[in-house]
Amino acid sequence: MSILVFGHKNPDTDTICSAIAYAELKGKLGKDVKAVRLGEVNEETKFVLNYFKVEKPELIESVSGKEIMLVDHNERTQTADGFEEAKVLELVDHHRISNFNVDEPLYVRMEPVGCTATIILKLFKENNLLPAPTTAGLMLSAIISDTLLFKSPTCTECDVKAGKELAEIAGVNIEEYGLEMLKAGTDLGGKSESELINMDMKIFEVDGSKIGVAQVNTVNEAELLERKEKLLVEINNIIKKEGLKFFIFAITNILSNDSTGIVAGDGNAIIEKAFNEKIDNNLIALKGIVSRKKQIIPPLTKAIQEA
Ligand code: MN
Ligand code: MN
């Protein structure tokens, strides 16, 4: 039976491409590892897989009874169903560590870089290996996606260097390809409110409270804000279903690098304190904020802990 490698629920480009790349690395090292996914791939990832002519990984419902490796996440609220009945062998990630409990020793590689694929390239090189050109293209795409073409505050020197190396192996022009790819991800035409919110939604546990933070990239936030009332209905459904304290839906403009948050639930005082900004009619301006991991979760955590 293959060992399964996968990223988080509501997969993004890094989660899908790093799982594929890690499976390739493990294969080259003689292990039978298969990339799988925990949800539908988004428009940006579809563009990437299509561009490099790579099949999307198989969808899996539960990992119960399997040997598994995690990439691009570690929190229990973001991982596969059946996690408690699986054996975790390895973890490669670039997020905060939280609610991650396992019974046995495991291999862990965590680095505070902009993308899991950056760490995976290092692992290839530590083994005197390089990814195949198409895999390098996927890994480059993951870096472009997670760092918004190297503009996010999460981006490090390592990510820039890895991106350049991968672009060379893949034979693509970073700027040209990167803009085309990011734009493909902002194609939200025809998406329902529920799809928009679930596309990149993560649940976090802070001090015993569960909060939801979803994010969507766009070049035209007005188009989404027009749908605020319907989005709020969906957001309130999720709050109820998942037992969340509050929810923030961050609409991020990838050209201006600012976001607007649609907020709901019982957290206005905390959210206003976290971002030092007033909420008006369920809306909050998030100037200069593009990174959930680095600019949204940490101030929220601090505000919740101090409340
Ligand atoms: Mn991710
Ligand atoms: Mn990532």
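What to note about this one:
- Mean Cα-pair separation over length for the stretch 144-221, i.e. relative contact order, pairs under 8 Å, 6 or more apart, %: 21
- A Förster radius of 51 Å, combined with the Cβ-Cβ distance separating residue 219 from residue 305, puts the computed FRET efficiency at roughly 0.90.
- Contact order normalised by residue count of the chain, Cα under 8 Å, 6+ apart, percent: 14
- Packing-based ranking, highest mean first, of 250-261, 215-226 given that Cβ atoms within 10 Å are counted: 250-261, 215-226
- The stretch 1-156: C-alpha gyration tensor shape, a/c 1.5 cut-off, then a/b vs b/c: rounded
- The stretch 193-306: C-alpha gyration tensor shape, a/c 1.5 cut-off, then a/b vs b/c: oblate
- Taking Cβ atoms as reference points and 15 Å as the exclusive limit, the residues near residue 273 contribute a net charge of -2, counting Lys and Arg as +1 and Asp and Glu as -1.
- Working from label points 7 Å from Cα in the Cα-to-Cβ sense, the residue 278 to residue 96 distance is 2.8 nm.
- Taking θ as phi - 60° and the Karplus parameters 6.51, -1.76 and 1.60, the scalar couplings of the stretch 189-205 work out to x, x, 7, 6, 4, 5, 5, 4, 6, 7, 3, 9, 9, 10, 10, 10, 10 Hz in sequence order, x denoting glycine and proline.
- Spacing of the two label points (7 Å from each Cα toward its C-beta) at residue 256 and residue 125, in nm: 3.8
- Listed peptides 79-92, 121-134 appear in the order 79-92, 121-134 once ranked by packing, highest mean of other Cβ atoms within 10 Å at the front.
- Ordering of 152-158, 239-245, 195-201 by packing is 195-201, 152-158, 239-245, highest average first (other Cβ atoms within 10 Å, averaged per residue).
- Taken about its Cα centre, the stretch 193-306 carries a charge dipole of roughly 320 debye when the Cβ of each Lys and Arg holds +1 and the Cβ of each Asp and Glu holds -1.
- Farthest positive-ward along the chain dipole, Cα basis, beta-carbon charges - from 39, 138, 27: 27
- Theoretical ellipticity at 222 nm over the chain - DSSP helices of four or more residues, -39500 (n - 2.57) apiece, nearest 500: -12000 deg cm²/dmol
- The residue among 169, 252, 239 whose Cα reaches farthest toward the positive pole of the charge dipole of the stretch 152-307, with charges on the beta-carbon of Lys, Arg, Asp and Glu, is 239.
- Cα-centre dipole for the chain with unit charges at Cβ (Lys and Arg positive, Asp and Glu negative), debye to 20: 280
- Using a simple spin-label model with pseudo-atoms 7 Å out from Cα toward Cβ, residue 108 and residue 53 lie 4.2 nm apart.
- Prolate/oblate/rounded call for the stretch 128-186, Cα gyration tensor, a/c under 1.5 rounded: oblate
- Bridge type composition, the chain - antiparallel percent by DSSP, nearest 5: 40
Every number here is computed from the coordinates shown, using simple stated rules; none is lab data. Just so you know, these numbers come straight off a predicted model, no measurement behind them. As a convention, Cβ positions derive from the backbone with ideal geometry for all residues, glycine included, and neighbour counts pool all protein chains shown.
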